[in-house]
Structures are given as C-alpha cells and as structure tokens.
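Each remark here refers to the structure printed beneath this line.
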Amino acid sequence: HDEILEEYYVNEKQRNELWKDKSQEYEKKVRQAVKETKGMFLVCGEDVINPPFFRLSNGVTRDVTEYVLSESKYPYMKSVVCEKDVMAENYIQYVEMTDREFEKQIKKLVGKKGGKLQKLILYKDENGYVKEVEVNDKKIKGEVFRQAFGLASSSFSLEKIDSVIEIQTKGIGHGFGFSQWEANGMAKEGKNYEELLQYFFGNISLEKI
C-alpha cells in the first residue's frame, strides 16, 4: 500500500469540478490556510513527512502495520476512532450489477485464464477494510478491486441476491491517516489544527522551517 501513502495533488480544474458552485468559497479558504501555515512542516524524527488523508472512514482509520512489514517505515501512522464519520450522509453506499456483469469485470482483473468464477473471498483487516480479494486461486489487492469496480471505499462487503450482486461500502476513500469529515467535526467543537494532527498521527511535531 505504499502507493496510497505517496502524495498527490488535485489541480485547480479538478477542484472546480469537485466543488462546483462552492469553488470560489473553498478555493479562498484553501489559499488562506496555505498562507497562514507557510513554512510549517510536519516532522517525525528527523524527517519531513507528507501523511495521507481521505474523506470519510468506516468509523475507524486503518492500521498501517497490517499492510507493511516494518512498523518503523511509517512510525507516525496509527489507527483512531472516528465517531462522527458514521453519521455522514454518504457513509453507506451501494453498487449493484448483474452477476454476469460482475463476472465479466472479475475476468478483466484475473485474466481470461481465470475461468468461471467459483470462489470469491474477502480478507479484511481488524477494522473492516479489505486487504485482499481471493478470486478462485488468485489474490488481488483490495485497493485494486475497489478501483476496478469504482467503489467509494476500501471497506466493502458483497451479497448475491438472485442474479444481482450488491456491494455495500462504508466511508469514502482508502482509510489511511487523516479523516477530513471527522476532523471537520472536531474543528467545529473547537479543536485547532495542531490538536487534529496530533489526534490522527503519532510521534510528530509541527516545525517552522
């Protein structure tokens, strides 16, 4: 999951598409935040870090130690409870498709040699996020499966109802690090950005460089 923990950016055009009629308001807030925190960096040990963030958890953020061999690689990552996330409007979402459409997409993932779908098992971590999906005798990363099916979250479950496959997701995003929805709720209760960062990440300090 190192690819998830790498930084990436949304350009101005993409922001406008996401924010729509709120674009000017949100853009102003973002630029103000950047200005007010200029020169401030998150530091863990002697390293400047760029910890991951996402929109909405399934009620708890993921434990990175279940995904990497060495805990020391991301010492600032930890799993925390996000009670406010479960109250969000889009906390639970559904994707439905016919079993034929589902099997067609599965074949794209495992290759034509995968044959007819006979077995599908979801392997989840302790917090309910899918780590791997076993299709017949082949294992696929949970994130790869999620992206292939356009799922909102890495926390998902499947159910077959007659000839329809229903996929239920909880939360929005990969689940690692900083939950924006939970943080927004905490901020409304009076928490400042330093307190928010300390809540979601451990062994860090804010320094002006």
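Can you confirm whether the range 52-65 contains a residue that is open to solvent by 100 Å² or more (accessible area, probe 1.4 Å) and either assigned to a helix (DSSP H, G or I) or modelled with pLDDT under 90 (or both)? No; the residues of the range 52-65 include none that is open to solvent by 100 Å² or more (accessible area, probe 1.4 Å) and either assigned to a helix (DSSP H, G or I) or modelled with pLDDT under 90 (or both). Considering only residues in the range 92-104 that are in contact with a Ser or Thr (Cβ under 9 Å, 6 or more places away or on another chain) and assigned to a strand (DSSP E or B), the one that is surrounded by the fewest Cβ atoms within 10 Å (Cβ to Cβ) turns out to be TYR94. For the range 154-165, residues that are within 19 Å of ALA88 (Cα to Cα) and either in a loop (DSSP other than H, G, I, E, B) or open to solvent by 50 Å² or more (accessible area, probe 1.4 Å) (or both) total 2. With the structure loaded, tell me whether LYS13 is modelled with pLDDT under 90, not in a loop (DSSP other than H, G, I, E, B) and not acidic (Asp, Glu) or whether it fails that test. Yes; evaluated as a whole, the condition is true for this residue. One residue stands out among those in the range 105-148 that are closer than 30 Å to VAL80 by Cα and either small (Gly, Ala, Ser) or part of a loop (DSSP other than H, G, I, E, B) (or both): the one that is most open to solvent (accessible area, probe 1.4 Å), which is GLU126. Checked against (1) open to solvent by less than 20 Å² (accessible area, probe 1.4 Å); (2) not in a loop (DSSP other than H, G, I, E, B), LEU151 meets all criteria but (2).
For the range 112-153, filtering for residues that are small (Gly, Ala, Ser) and over 14 Å from the mean Cα position of the chain (by Cα) leaves 3.
Please work out which residue is least open to solvent (accessible area, probe 1.4 Å), limiting yourself to the range 192-206 and to residues that are assigned to a helix (DSSP H, G or I) and either touching a Cys at 6+ places or on another chain (Cβ under 7 Å) or not charged (D, E, K, R) (or both).
In the first step, residues of the range 192-206 are kept if they are assigned to a helix (DSSP H, G or I); the result is 193-200.
Okay, now just the ones that are also either touching a Cys at 6+ places or on another chain (Cβ under 7 Å) or not charged (D, E, K, R) (or both), so 193, 196-200.
Values: TYR193: 104, LEU196: 17, LEU197: 30, GLN198: 90, TYR199: 76, PHE200: 0 Å².
Filtering first and then ranking leaves PHE200.
Here the range 166-188 is the region considered, the condition is being more than 20 Å from GLU126 (Cβ to Cβ) and surrounded by 22 or more Cβ atoms within 10 Å (Cβ to Cβ), and the residue that is nearest to the chain's Cα centre (by Cα) is ILE172. Among the residues in the range 70-83, are any assigned to a loop (DSSP other than H, G, I, E, B), open to solvent by 50 Å² or more (accessible area, probe 1.4 Å), among the acidic types (Asp, Glu) and modelled with pLDDT of 90 or more? Looking for residues that are assigned to a loop (DSSP other than H, G, I, E, B), open to solvent by 50 Å² or more (accessible area, probe 1.4 Å), among the acidic types (Asp, Glu) and modelled with pLDDT of 90 or more, one finds at least one in the range 70-83, hence yes.
The values are calculated or read from the model by the stated rules, or taken from the named source; none is laboratory data. Please read all numbers here as calculations on a predicted model, not as lab measurements. We place every Cβ from the backbone using ideal geometry, glycine too, and count neighbours over all the protein chains shown. Surface areas here come from the heavy atoms of the whole protein model, side chains and all, with no ligands, DNA or RNA. Shrake-Rupley method; radii C 1.70, N 1.55, O 1.52, S 1.80 Å.
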